[in-house]
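Below: the structure, in structure tokens.
The values are calculated or read from the model by the stated rules, or taken from the named source; none is laboratory data. Bear in mind that the values here come from a model prediction, so they are computed numbers and not experimental data. Cβ coordinates were reconstructed from backbone atoms using ideal geometry, including for glycine residues, and neighbour counts include every protein chain displayed. Heavy atoms of the whole protein, side chains included, go into the accessibility calculation; ligands, DNA and RNA do not. Shrake-Rupley method; radii C 1.70, N 1.55, O 1.52, S 1.80 Å.
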Amino acid sequence: MNYFKELKVWQKAIDLVTEIYTKSQEFPKEELYGLTSQIRRSAVSIPSNIAEGCGRKTNKDFANFLGISLGSAFELETQLIIAKNLNFMNSDDFKILENEIHHIQNMIIKLQSTL
């Protein structure tokens, strides 16, 4: 039932959430209910939807939740580009997070293709 914890993509997404929370603490305080909140929600949505999909009865349902997770990963990538453009994060931090997001996106796509 809890096999989602064994999925490498879920584990990597959990690590990404931790990194996102750490990096977004440095954002301007006036963004707490704006871009900071949106970025954190998008990040949390990635592993959450993977886990929820694992709890569904069919592969079709699981694939659907993986699609939602993938959408959240693209949403997060877009929001981080905005944060970088607004100088809320430096280019090095952005590049590290972007690479991790791309890796997770590819893992989700591969997992979807196996269902």
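What region 1-111 shows is 57 Å² of accessible area per residue, with the surface traced by a 1.4 Å probe over protein heavy atoms.
Computed over protein heavy atoms with a 1.4 Å probe, the carbon and sulfur contribution to the accessible area of region 1-113 reaches 53%. Taken as Cα centroids, region 12-36 and region 46-87 sit 16 Å apart, rounded to the nearest whole angstrom.
Non-local lysine pairs in the chain, meaning eight or more places apart or on different chains, with alpha-carbon distances under 22 Å, amount to 16. Normalising the average separation of contacting C-alpha pairs (under 8 angstrom, six or more residues apart) by the number of residues puts the relative contact order of the chain at 30 percent. For the chain, the longest principal axis of the alpha carbon atoms and the long axis of helix 35-54 meet at an angle near 10°. Note on the chain: GNM, Cα springs under 10 Å; of ASP61, ASP15, ASP92, the largest mean-square fluctuation is that of ASP92. Potential lengthening of the chain between THR18 and HIS102 amounts to 28.6 nm, from the contour at 0.36 nm per residue minus the alpha-carbon distance. The label-point distance for LEU32 and ASN90, in a model that sets each label 7 Å from Cα toward Cβ, rounds to 2.6 nm. Take the Cα of PHE74, go 7 Å toward its beta carbon, and none of the backbone nitrogen atoms of region 8-24 fall under 12 Å from that spot. Hey, could you get me the Stokes-Einstein D for the chain, Kirkwood radius over alpha-carbon pairs, 37 °C and 0.692 mPa s, rounded to whole µm² s⁻¹? Result for D is 229 µm²/s.
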